[in-house]
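**Q** This is the structure, below, for whatever I ask next.
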Amino acid sequence: MNKAKSEKRKAKKLEVRTKPITGADLVVRTLIRLGVDTVFGYPGGAIMPVYDSLLDYTDKINHILVRHEQGAGHAAEGYARVSGKPGVCMVTSGPGATNLVTAVADAMMDSVPMVCLTGQVPAQVVGTDAFQETDVIGVTAPITKWNFQITSAEEIPFVLEKAFYIAVSGRPGPVVIDITKNAQFEEVEEDKLQHFDPKKDSPSYQPIYEPNKRQIKLAGELINNSERPLALIGHGVIISGAQKEILEFLEKANIPGACTLHGLSAVPVDHPCYAGFLGMHGNYAPNMMTQEADLLIALGMRFDDRVTGKLEKYAPNAKVIHIDIDPAELNKNVKAEVPIVADVRHALQALLKHIKRRERKEWFEKMRKYWKIEEEKVIKSQISPAQDSIKMAEVVRRISELTEGKATIVADVGQHQMIAARYYQFKRFNSFISSGGMGTMGFGIPAAIGAKVARPKEEAIAIVGDGGAQMTIQELGTIAQERLPVKIVVLNNNFLGMVRQWQELFFERRYSFTYLLNPDFVKLADSYGIKAKRVKERKDLDKALEEMVKTNEPYLLEVVVEKEDNVFPMVPSGWPLDKVLLSPEGLKS
Amino acid sequence: MITIGIFAEDKPGVLYKIADIFLKRKINIESLTVSKTERKGISRFTITVNTDKETVEKISKQLYRIIEVVKVFEAEDKELVYSELAFLKISATNPLKRREIEDLVELYNGKVVFVDKDSILVQKVGREEEIDSMLNLLKPYGIKEVVRTGRIAVLKSEEKLKGKFEKILPSPSYVAKLELSAIKALEHAGRNIKGSISLAQGTPDFLTPNFIKDSAKKAMEKSLTDKYTSGYGIDELRKAIAEKVRRDNKIKADYKNVMVTHGATEALIATFMGVFNPKDEVIVITPDYASHITQISLARYGGRPVFVSMEEKEGEWVLNLEKLESAVNHKTKGILICNPSNPTGKVFSREELKGIADIALRHNLFIITDEIYEYFVFGGKEHISIASFEEVADRTISIFGVSKAYAMTGWRIGYIVADERVLKEVFKVHDALVNCPAVVSQYAALSAIKSGPEVPKKFAKEYERRRKIVVEELSKTDKIVLPKMEGAYYAFPKIKDVEDDYEFAFRVLERAKVAVVPGSAFGKGGGGHVRISYCKSEEELREGLRRLVEYVENNRRMSNYK
Ligand SMILES: Cc1ncc(C[n+]2csc(CCOP(=O)(O)OP(=O)(O)O)c2C)c(N)n1
């Protein structure tokens, strides 16, 4: 996860060839040299030369054949988020590339380092509507951090080195490299080619890691003078690997810290400074505290509207310190008194020297009071419900207990995602993965594949809805073929639950096309040779979950859950945070 | 109206990405111009929009997200000098009206640039409002066509452009890709640090002996130094050199084989340019003097030399002849050796030189030598000039100089010894570069070379003594591994656990105030090493080494020397 380290990743030994080699070979060799050990992909005409070369390097690169290019993209994202290394995918031109687009956009929104290699028709026919030609550069320009088309083999090392540099440095993001087929066939002499030097060859792009000292000092003063500060912990804390620093910071200054969706797991939930999960379906305490705080310390987060609610009413009493590596995020949504452009880890290290401990008894008291309210009014009835039907929350909480909060949880998008975020008790740094910015249904299963490949020793559990599961269900084939012990929990409510919840609350219960007729998930898994089970009653739940956690094989568990359950608390879209609803009753008034 | 100026790398697709940022926010671009700037490879976009300042600020931040964008500024009209160019085609069938139109144009400082039987073409440069109002007045006559370029604008104050190009290198040609030698960079950085000691540059601390200076003075007094001499140098000097190389280098040379140059540096660059084509490959045995690498790159229009690195085995630099030969291909045209070697201090053995000679013969290659440190060999080692092997004498271009031998680095005299047929070609470059070497220096060199090898041998003794100091001081730490130093006056030790020797060198300078040269500057095989020049006074040398040792010792546990 340590970024500096992953950037400095030493090239693996690979003797440079003095005889001419093909561009395709060069692509593979350059990937290996750049430390790539896994590629998720799907072959086709325009990328076949590179695929041919891959076969010669199977000892160094593990290629995982997915079932749909979108799956390759999400798997690469899962891999990247767990390992901190860029995820790599490889697909063919035209439909191969366009199938990948959703995942690229997803990675862009969630700052995931990814390098996608797309095959392209030969340079001589680019622009002539050749078979399987798509303007991939045009299509992906708005959704990539950088993209580039390679048209001759000699560009390969330079461009790939640049691509990897851009993908992981600064605010990470996806890079698409389109390689025309002629460049893959061309022969070049490897030792004669130009290489990329970030210091010299990137005049415009120079990310800033070190914070401005004066700003840090100012931030320190604000923190020391604040009575009710709240740290907002975002994805940046995880990306920068500030595992140690964030805890030191909260403890030394004695400040409560709340996590955004992608900040979850940066602080263990049982830590005394942990204030909870922020945002629309977040915990009651941090949302209320935001409105009462006199200082917000935003760490690698971007004040997404799902976090702020109604902007004009957001944190009315607070000054804001905003630390982010992307200058474009500062003052974008929320004005900051002290904006700081820096890598969060570096900034925290610098900040630590300036802060003093301060007792904030009342403030923490308040936090505990709010937690009590949520426990009473929401949590209790969710994890130990009175009625018969199973609730998503109790399933998630049981999984949390069985895995001691240490599994990597990969959630899809929907109610179950919010429930997973709320009820899994994260104890391990960087262990929650989900599609946040885009909210891409279908992310869960393939991303879990990537996460498992990156950390094979750790449990990876996909928590998915019956809707999202079917968007990428074909990746069961990948799991089966690779024999990857990924665990999948389908929380089946026969609805596009999250949409149904909105229909219930805001569209007078008019359930417009949200009911799903589902396949028999157990039989479906079975047809792939994957162990599966269905649980309908509470009494069978524990045993099934235990069995799932114990097996060292792929496993799919379908849990039939309450059909029309809602996720609460909820800050309806466009409402101020302190108008958070603890139950549907609140809507009526 | 707000003007946004954008500087970006001139690459395909940049406009697309810029336009997309305006599109995303549904902001209409009022005008857009793109053109070249004073910097090669950088274009300037001038965009005007009608929106609020805050939005523009957000847009400009997002513009920075485009990898190719270097600098963005936003400005209001009052901060700018701006203008646009318009062509207006006015209908003018009635000859009586023509006069009126021309008067109006005159009034607005416009210009009639073309006239035909039914129209007048007017050119107007000015601010948008001026063009608009001129257009209004011309409307009654009938406007057939209007073409406007859109605004171009210059900021009145430089303030907003601060830092505009600080990250961009000048790039007039491939030369921009070449690096100024790290030796100079460190020497330079060192000068700015108070109390620092430089063990970076290889300038001897001795002064030129007086008898040499006196002969230069005499030559001046006799007005021998007032005019150009032959580009090859004065005959007396060439003859003295021929005699010297026959005596000391065992090269069978006549004065016609000698050309005097502006230091060995000029000799080398002239040789590379004289004998190699840009596509030819030159093999450089590394680690090697950084300037050689630059010089060859220059001669090859920026193409890099092919490196064959020596191997460090049991405290000695060893040349693997097989590896050397395997680097030869159909494009290879020469091998460069620096003997005694800068920076490693290696002196090539007879066997190694024989091996190199054989390879050159087998593959028909030139051999170029840099033997500037010829007299400085220690511990009974012998300096052998490869041109003394008769079989390769005709293909070897041997380069020497008086700079180090007689402590004359400021006089700038070197010389080439080569076959006449080759020398003739090198001469053409030499002639273009320097015409002839400085004459006063030629006379100084004459008396130096005539005095024989006594002076350099005396220096060599002193260097041998200082060499011991290096061994003594550096053995105080086990973090520094010092291979054998056979010649020249350089130590090239490896610093344990150092990954980035550039960073290390700069940190040592900053923290311990001693300048050494990072080994990577010397090509393949140099990484993790530093070069120490021990041609410094004993006092300076001891203190410099002490600081270095202390620094590595204090940072033992920190792997990257933070
Ligand atoms: C690709 C995609 N299409 C549509 C949506 C809109 N959407 C958000 S949540 C949701 C329902 C998800 O249903 P399900 O997967 O069954 O999960 P549940 O909410 O029931 O837990 C939908 C349709 C989306 N986020 N992504």
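None of the figures in this text is laboratory data; all of them are computed from the coordinates on show. Please read all numbers here as calculations on a predicted model, not as lab measurements. Heads up, the Cβs are rebuilt from the backbone with ideal geometry, glycines too, and the neighbour counts pull from every protein chain shown.
**Q** Put one equal scatterer on each alpha carbon of the protein assembly as shown, apply the Debye formula with no solvent term, and list log10 I(q)/I(0) at q = 0.05 1/Å to two decimals.
**A** Results for the protein assembly as shown at q = 0.05 Å⁻¹ read -0.47.
**Q** Further question: Per residue, how much space in cubic angstrom lies within the convex hull of the C-alpha atoms of the range B:2-80?
**A** Spread over its residues, the Cα hull of the range B:2-80 gives 84 Å³ apiece.
**Q** Rounding to the nearest 20 debye, state how big the charge dipole of the protein assembly as shown is about its Cα centre with +1 on each Lys and Arg Cβ and -1 on each Asp and Glu Cβ.
**A** It works out to roughly 2280 debye.
**Q** Between B:Glu187 and A:Phe185, what's the calculated FRET efficiency when r is the beta-carbon distance and R0 is 56 Å? Round to 0.05.
**A** FRET efficiency, B:Glu187 to A:Phe185: 0.70.
**Q** Among residues other than B:Tyr255 whose Cβ falls under 13 Å from its Cβ, what is the net charge (Lys/Arg +1, Asp/Glu -1)?
**A** +1
**Q** Sort out for me the Cα centre separation of the range A:458-524 from the range B:293-313, rounded to whole Å.
**A** 60 Å
**Q** Give me P(r) over the range A:13-201, computed from all C-alpha to C-alpha distances, binned every 10 Å, as integer percentages.
**A** 10, 41, 39, 10, 0
**Q** Once the Cα gyration tensor of the range A:328-431 is found, what semi-axes does its equivalent ellipsoid get, as square roots of 5 times the eigenvalues, in whole Å, sorted largest first?
**A** 34, 20, 16
**Q** Would you mind ranking B:Phe7, A:Phe158 by Cβ crowding within 10 Å, fewest neighbours first?
**A** The order, fewest Cβ neighbours first, is A:Phe158, B:Phe7.
**Q** While we're looking at this one, here's another question. Once the Cα atoms of the range B:340-490 are picked out, what are the Rg and Dmax in Å?
**A** Every Cα atom of the range B:340-490 included, Rg and Dmax give 17.6, 53 Å.
**Q** Can I ask one more? Give the distance, in whole Å, between the Cα centre of the range A:359-395 and the Cα centre of the range A:305-330.
**A** The two parts, judged by their Cα centres, are 26 Å apart.
**Q** I would also like to ask the following. Quote the FRET efficiency, to the nearest 0.05, computed for B:Asp254 versus A:Leu55 with a Förster distance R0 of 51 Å and r equal to the Cβ-Cβ distance.
**A** 0.20
**Q** With no solvent and one point per C-alpha, what does the Debye sum give as log10 I(q)/I(0) for the range A:213-366 at q = 0.09, 0.15, 0.16, 0.20 Å⁻¹?
**A** Those come out to -0.22, -0.66, -0.77, -1.32, one per q.
**Q** Under the √(5λ) rule applied to the eigenvalues of the Cα gyration tensor, what semi-axes describe the equivalent ellipsoid of the range B:217-453? Give them in Å, descending.
**A** Semi-axes from the Cα gyration tensor: 29, 20, 15 Å.
**Q** Something else: In chain B, if the dipole is taken from +1 on Lys/Arg beta carbons and -1 on Asp/Glu beta carbons about the Cα centre, which of B:Val552, B:Ile152, B:Ile183 is farthest to the positive end?
**A** Selected residue: B:Val552.
**Q** Roughly how many nanometres apart are two label points built 7 Å out from the Cα toward the Cβ at A:Trp575 and B:Leu15?
**A** Simple spin-label model gives 5.0 nm for this pair.
**Q** Turning to a different aspect of this structure: Report the Rg/Rh value for chain A, based on alpha-carbon coordinates and the Kirkwood definition of Rh.
**A** Over the Cα atoms of chain A, Rg/Rh equals 0.98.
**Q** How big is the dipole moment of the range A:213-366 about its Cα centre under a simple scheme where the beta carbon of each Lys and Arg is +1, that of each Asp and Glu is -1, and everything else is neutral? Debye, nearest 20, please.
**A** Computed charge dipole of the range A:213-366: roughly 360 debye.
**Q** Ok, one more. Give me the extension gain from A:Ala130 to A:Lys550: residue separation times 0.36 nm, minus the current Cα-Cα distance, reported in nm with one decimal.
**A** Contour length minus Cα-Cα distance gives 146.0 nm.
**Q** Now for a different question. What's log10 of I(q)/I(0) for the range B:82-153 at q = 0.14, 0.23, 0.26 Å⁻¹, Debye sum over Cα points only, no solvent?
**A** For the requested q values the scattering log ratios are -0.37, -0.96, -1.21.
**Q** Once the Cα atoms of the range B:452-562 are picked out, what are the Rg and Dmax in Å?
**A** Final numbers for Rg and Dmax: 14.2, 52 Å.
**Q** Note the angle between two axes, namely the Cα long axis of helix B:210-221 and the longest principal axis of the Cα atoms of chain B, as a number of degrees from 0 to 90, rounded to the nearest 10.
**A** Between helix and principal axis, roughly 60 degrees.
**Q** Straight-line reach from A:Lys579: which aspartates and glutamates have a Cα under 16 Å away, not including same-chain ones fewer than 8 places off?
**A** A:Glu292, A:Asp305, A:Glu312, A:Glu374
**Q** What angle, in degrees between 0 and 90 and rounded to the nearest 10, separates the Cα long axis of helix B:350-363 from the longest principal axis of the Cα atoms of chain B?
**A** 50 degrees
**Q** Cα atoms only: what Rg and Dmax, in Å, come out for the range B:411-476?
**A** 18.2, 53
**Q** Then there is this: Given the range A:470-543, what whole percent of its Cα pairs are spread farther than 14 Å?
**A** The answer is 69 percent, as a whole percent.
**Q** Taking all pairs of distinct Cα atoms, average 1/r, flip it, and tell me the Kirkwood hydrodynamic radius of the range A:240-294 in Å to one decimal place.
**A** 11.5 Å
**Q** Per-residue HN-Hα couplings for the range A:464-474, Karplus 6.51 cos²θ - 1.76 cosθ + 1.60 at θ = phi - 60°, whole Hz, x for Gly and Pro?
**A** 10, x, 5, x, x, 3, 7, 6, 9, 4, 4
**Q** Might you report the magnitude of the Cβ-based charge dipole of the range B:82-153 about its Cα centre, with Lys and Arg at +1 and Asp and Glu at -1, to the nearest 20 debye?
**A** So the magnitude is around 180 debye.
**Q** What are the lysines whose alpha-carbon lies under 30 Å from the alpha-carbon of B:Lys89, with same-chain residues fewer than 8 places away excluded?
**A** Filter leaves B:Lys36, B:Lys97, B:Lys111, B:Lys117, B:Lys124, B:Lys139, B:Lys144.
**Q** Just the C-alpha atoms of chain B: what Rg/Rh do they give, with Rh taken as the Kirkwood radius?
**A** For chain B, the value is 1.15.
**Q** With bins 5 Å wide starting at 0, give me the P(r) of the range A:273-343 over every alpha carbon pair, in whole percents.
**A** Calculated P(r), rounded to whole percents: 4, 17, 28, 28, 17, 6, 0.
**Q** Mind checking which lysines have their Cα closer than 19 Å to the Cα of A:Lys145? Skip sequence neighbours fewer than 8 apart in that chain.
**A** A:Lys3, A:Lys85, A:Lys162, A:Lys199, A:Lys332, B:Lys11, B:Lys17, B:Lys24, B:Lys58, B:Lys61, B:Lys71
**Q** May I ask which residue of A:Ala46, B:Ser215, A:Tyr165 lies farthest towards the positive end of the charge dipole of the protein assembly as shown, with charges of +1 (Lys, Arg) and -1 (Asp, Glu) on Cβ and the Cα centre as origin?
**A** Value computed over the given set: B:Ser215.
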